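Just so it is clear, none of the values below were taken in a lab; they were calculated from the coordinates. What you are looking at is a predicted structure, and each value in this text was computed from that prediction instead of being measured.
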Amino acid sequence: MSSSTYETLTEALVTRIGVDPGQLAPERTFAELALDSMALVELAVALDEHAEAVFPLEGLSGLTLAEAADLLSAPTAER
């Protein structure tokens with residue numbers, strides 16, 4: 001997991017979505033954070049501003065934050 005990508009992800013969750021920083025940990029899933037579909041779309045938009053990767057919404061709720069950071073930092077061919 002890229003620490004800078006993870007930091008970008010968690011920063012977006014805190015500043016754009018309003019998630020309590022105390023709830024964030026690499027092993028937490030988006031489902032555990034109880035984000036609704038609108039929050040996930042807003043998160044995807046926020047991450048698109050900071051990363052070259054497109055943040056996929058399909059299947060996102062089951063991913064951990066670490067897995068999502070890995071996905072965002074993976075070369076395009078691996079997505």
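Once fully extended, how much extra length lies between Asp70 and Ala31, figured as 0.36 nm per residue of separation less the alpha-carbon to alpha-carbon distance?
12.3 nm
Taking 0.36 nm per residue of separation and subtracting the Cα-Cα distance, what length does fully extending Met38 through Glu7 add?
Once the chain is fully extended between Met38 and Glu7, it gains 9.0 nm.
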